[in-house]
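Presented below is the structure to which this report refers.
The values are calculated or read from the model by the stated rules, or taken from the named source; none is laboratory data. Just so you know, these numbers come straight off a predicted model, no measurement behind them. We place every Cβ from the backbone using ideal geometry, glycine too, and count neighbours over all the protein chains shown.
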Amino acid sequence: MLALTSIWTTILLAAAVALGPMATDMYLPALPQIGSDFGAGTDQVQLTLSLYVVGFAIAQLICGPLADRFGRKPVMIGGMVLFAVASIGCALASSIESLQMFRFLQALGGSAGPVLGRAIVRDVYQPRDAAKILAMLGGMMALAPAIAPTFGGLIVAHMDWHWIFTVMAGYALIMIAIIAIGIPEPLSQNNRQPFRLGSLLRNYRKVSADMTFVGYTLTSAAIYGGIFAFLSGSAFVLIDVLGVAPEHFGLYTAVTAGGYLLGNMTSIRLTNQLHPDQVLLYGLVTTVAAGMAMALLAWNQIYSPWAVILPQTLFMVGTGMVLPQTMAGALANHPTMAGSASALLGFIQMSAAATAGALVGHLHDGTPLVMASIIATCGALGLLGYLLMVQRYPAQSFEAQAAAE
């Protein structure tokens, strides 16, 4: 097996964590076709994404504590087995309602990768080093939203959208084998927590009472809302409104993924020179500027794919700088219950994402304005969270490591 600090372990974790984004990004080009095949409206089709996010959020609350009790590997493998089975169910779905149900089940399994990927990083690294590793993880994960929509668009153009979910199932099965063979269990017996309702509630109460956790988590959740506002609306805006061919849709979203990768690389570089919260602030200012630019272009009826993609790419640059710092900051004070803290962080992030996505689907008016306005609002809320909470309750371990260097 690989050493936990090996770069190959980080790559394998990135591949496991990428299961979540792949399940959202790969089928985006198929959303209009799914609506046409099932005779479903935009809001019903968008619900397949929102239900996935809701299931993802709920499952994390159980997945994290289970991993704190039984270890990271068995829970991650079990989640991926459920993901694979549910993906086959999605591929065989005969109605929009059955697709929605299997997407929910798919999310219950898919949540294991991101939750436990973050927890494993916290198990192995100190908080400031964890921010760097999470940025590396995010950079590798950027390949998923870069490749998945393009691949999904090609499948839609030349085959059938059902095959997208068959590919997802195959990917999950491959990851199960790799994790079982290649990654050692990172959670020591001494740090395992009892899996009892009283203990779970105490852990969640302790984490949620930590103002440092609350500040970084709310800031992160706002930016997640902006990401999912784009994911929910981009296929309808780019394909239905702006006339982008489904097979080309992934090429546009790959540009935004490149922005996320650039942000991650910038984060890694700046964290070696600046305090993590300074990097976080620069990232948040970038997301606000990007969201406002997209909203202003839409308000002035400048309807072009690039009037959406270029501002969203800048938003993703900021996101790539924000998320590693907020995730490391949120988990910093909870080394012995990183699974529970990661689960609560993920639940709040995904709840914000589901809310933003549902708003885009419900309010979509046949123009880019609704999506752009929600993205801009999410960026502004993220900056507000930083100013009101993170500045008042910074991660002390960030401060301690900075003083030691």
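What's the number of the condition Ala172 fails, among (1) small (Gly, Ala, Ser); (2) at pLDDT 85 or above; (3) out of contact with any Ser or Thr (no Cβ under 8 Å at 6 or more places or on another chain); (4) under 21 Å from Gln60 (Cα atoms)?
Evaluating Ala172 over (1) small (Gly, Ala, Ser); (2) at pLDDT 85 or above; (3) out of contact with any Ser or Thr (no Cβ under 8 Å at 6 or more places or on another chain); (4) under 21 Å from Gln60 (Cα atoms) leaves (3) as the failure.
Can you say whether His334 is over 30 Å from Gly198 (Cα atoms) and in contact (Cβ under 8 Å) with a residue 40 or more places away in the chain, as far as the supplied structure shows?
The answer is no for His334.
Since Ala144 meets every condition but one in (1) closer than 15 Å to Tyr171 by Cβ; (2) within 21 Å of the chain's Cα centre (by Cα); (3) modelled with pLDDT of 75 or more, which condition does it not meet?
(3)
Go through the residues of the range 64-84 one by one and say whether even a single one is within 17 Å of the chain's Cα centre (by Cα), under 18 Å from Ser351 (Cβ atoms) and modelled with pLDDT under 80.
Yes, the range 64-84 contains a residue that is within 17 Å of the chain's Cα centre (by Cα), under 18 Å from Ser351 (Cβ atoms) and modelled with pLDDT under 80.
Give me a count of the residues in the range 59-100 that are out of contact with any helix residue (DSSP H, G or I) (no Cβ under 8 Å at 6 or more places or on another chain) and touching a residue at least 24 places away in the same chain (Cβ under 8 Å).
3
Go through the residues of the range 289-305 one by one and say whether even a single one is touching a His at 6+ places or on another chain (Cβ under 7 Å) and either closer than 27 Å to Leu261 by Cβ or modelled with pLDDT under 95 (or both).
Within the range 289-305, not a single residue is touching a His at 6+ places or on another chain (Cβ under 7 Å) and either closer than 27 Å to Leu261 by Cβ or modelled with pLDDT under 95 (or both).
Can Gly291 be described as over 26 Å from Ala130 (Cβ atoms), in contact with a Cys (Cβ under 9 Å, 6 or more places away or on another chain) and in a helix (DSSP H, G or I)?
For Gly291, the condition - over 26 Å from Ala130 (Cβ atoms), in contact with a Cys (Cβ under 9 Å, 6 or more places away or on another chain) and in a helix (DSSP H, G or I) - is met.
Restricting to the range 228-264, and then to whatever is over 15 Å from Ala157 (Cα atoms), aliphatic (A, V, I, L, M) and over 15 Å from the mean Cα position of the chain (by Cα), can you tell me which residue is modelled with the lowest pLDDT?
Ala254
Pull out all pairs, ordered by first then second residue, where Cβ-Cβ is under 6 Å, the residues are six or more apart or on different chains, the first lies in the range 150-161 and is at negative phi, and the second is of a type in the set (Ser, Thr, Tyr).
Gly152/Tyr27
Looking only at residues that are out of contact with any helix residue (DSSP H, G or I) (no Cβ under 6 Å at 6 or more places or on another chain) and closer than 18 Å to Leu19 by Cα in the range 147-169, which one is modelled with the lowest pLDDT?
Among them, the one singled out is Ile147.
For the range 106-125, name all the residues that are surrounded by 24 or more Cβ atoms within 10 Å (Cβ to Cβ) and modelled with pLDDT of 80 or more.
Correct list: Gln106, Ala107, Gly109, Gly110, Ser111, Ala112.
Tell me whether the range 214-230 contains one or more residues that are touching a Phe, Trp or Tyr at 6+ places or on another chain (Cβ under 9 Å), without any contact (Cβ under 8 Å) to a residue 40 or more places away in the chain and surrounded by fewer than 24 Cβ atoms within 10 Å (Cβ to Cβ).
no
Looking for whichever is crowded, with 23+ Cβ neighbours inside 10 Å, assigned to a helix (DSSP H, G or I) and in contact (Cβ under 8 Å) with a residue 24 or more places away in the chain here; the options are Thr266, Thr286. Which one fits?
Thr286
Within the range 265-288, restricting attention to residues that are touching a Pro at 6+ places or on another chain (Cβ under 9 Å) and β-branched (Val, Ile, Thr), which residue is modelled with the highest pLDDT?
Once the filter is applied, the top-ranked residue is Val279.
Select from the range 266-287 the residues that are under 17 Å from Gly215 (Cα atoms) and in contact with a Gly (Cβ under 9 Å, 6 or more places away or on another chain) and list them in ascending order.
Correct list: Pro276, Asp277, Leu280, Tyr282, Gly283, Leu284, Val285.
Are any residues in the range 364-379 farther than 17 Å from Asp43 by Cβ and touching a Gly at 6+ places or on another chain (Cβ under 7 Å), and if so, which ones?
Ile375, Ala376, Cys378, Gly379, listed by residue number.
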